[in-house]
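Below is one structure; the comments refer to it alone.
The values are calculated or read from the model by the stated rules, or taken from the named source; none is laboratory data. Because the structure is a prediction, the values reported are computed rather than measured. Here Cβ is always computed from backbone atoms with ideal geometry, including for glycine, and neighbour counts include all displayed protein chains.
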Amino acid sequence: MIQLERISKIYGELPKQAIALKNVDLKIGKAEFIVVRGPSGSGKTTLLMSIGGMLQPSSGTVRINDKDIYLLSIVERSRFRALNIGFVFQMFHLIPYLSVLENIILSTRHIKYDDSNKKAYSLIEDLGLSDRINYKPSELSAGECQRVALGRALIHRPKIILADEPTGNLDPENSSIVMKTFSNYHQNGGTVIIVTHGEDADPFADRVIYLKKGEIK
Ligand code: ADP
Ligand code: MG
């Protein structure tokens, strides 16, 4: 389903160049749960953003369902991303002046789903946020913010979820809620890719891949 062929990413120009990824080959099947583990600076975020169509590699190809996503126009790629991929970040990236409900339904505004509101309410309930529905991010705990971010990712019923250190800022209880949400989504046929330096996602993974200095070990 996801196929990376000889992906390399070089940031900047000499003499300040950083080689973030070196000839990475990776195949990820439908409904696989993959953890990519590596220390800080090993290229995890670069890899995830490349898979997600947000960062074009310097060389190599990224294919999702046999489509080379960097041959799409920016508009086509945005649409492809919105329809297929959900993102979850360590720092949540919620819109500060929107409520829980508004943050979750915001990204559906240019894609018409008949049942967006209904789906949002049921996600909010599943994520234990019903009593926070009109709160702003500044009025929420880190764990609650990440649950909102999960709602925002899941409302599109994406085929793939990409998560960058999703439990990095959370207490154990909220980490466990986040991991269980990913696990449920995976059991319902979703593909999950988590990049992290920690070990807490390993027990959920079908496969753990080690990244070191931009190379898969
Ligand atoms: P990780 O997520 O594993 O910490 P990153 O993918 O963020 O690793 O970074 C990999 C390498 O690329 C690091 O050496 C980092 O300093 C460098 N890098 C990342 N983003 C940029 C950027 N926008 N400009 C220059 N160098 C960058
Ligand atoms: Mg990172």
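Checking residue 28 against (1) touching a residue at least 60 places away in the same chain (Cβ under 8 Å); (2) within 15 Å of ligand 2 (Cβ to nearest atom); (3) of a type outside the set (Phe, Trp, Tyr), which test does it fail?
The number of the failed condition is (2).
Filtering the stretch 168-217 down to residues that are acidic (Asp, Glu) and in contact with a strand residue (DSSP E or B) (Cβ under 8 Å, 6 or more places away or on another chain), which residue is nearest to ligand 1 (Cβ to nearest atom)? Lay out the reasoning, then the answer.
Here is the first cut: in the stretch 168-217, the residues acidic (Asp, Glu) are 171, 173, 199-200, 202, 206, 215.
Applying the additional criterion that residues be in contact with a strand residue (DSSP E or B) (Cβ under 8 Å, 6 or more places away or on another chain) yields 199, 202, 206, 215.
Numbers: 199: 15, 202: 17, 206: 21, 215: 12 Å.
Here the answer is 215.
Scanning for something of a type in the set (Asp, Glu), out of contact with any helix residue (DSSP H, G or I) (no Cβ under 6 Å at 6 or more places or on another chain), part of a loop (DSSP other than H, G, I, E, B) and over 19 Å from residue 47 (Cα atoms), does the stretch 158-170 turn up at least one residue?
Among the residues of the stretch 158-170, not one is of a type in the set (Asp, Glu), out of contact with any helix residue (DSSP H, G or I) (no Cβ under 6 Å at 6 or more places or on another chain), part of a loop (DSSP other than H, G, I, E, B) and over 19 Å from residue 47 (Cα atoms), which makes the answer no.
Is it fair to say residue 4 is in contact with a strand residue (DSSP E or B) (Cβ under 6 Å, 6 or more places away or on another chain), within 15 Å of ligand 1 (Cβ to nearest atom) and more than 21 Å from residue 166 (Cα to Cα)?
Working: in contact with a strand residue (DSSP E or B) (Cβ under 6 Å, 6 or more places away or on another chain): yes; within 15 Å of ligand 1 (Cβ to nearest atom): yes; more than 21 Å from residue 166 (Cα to Cα): yes.
Yes: the conditions hold for residue 4.
For the stretch 60-85, name all the residues that are small (Gly, Ala, Ser), modelled with pLDDT of 95 or more and either out of contact with any strand residue (DSSP E or B) (no Cβ under 6 Å at 6 or more places or on another chain) or more than 27 Å from residue 22 (Cβ to Cβ) (or both). If you could, list the steps in order and put the result at the bottom.
Taking the stretch 60-85 as the starting set, the residues that turn out to be small (Gly, Ala, Ser) are 60, 73, 78, 82.
Pick out the ones that are also modelled with pLDDT of 95 or more and you get 60, 73.
Passing the criteria: only 73.
Can you give me the number of residues within the stretch 46-65 that are within 13 Å of ligand 2 (Cβ to nearest atom), aliphatic (A, V, I, L, M) and buried (at least 21 other Cβ atoms within 10 Å of the Cβ)?
2
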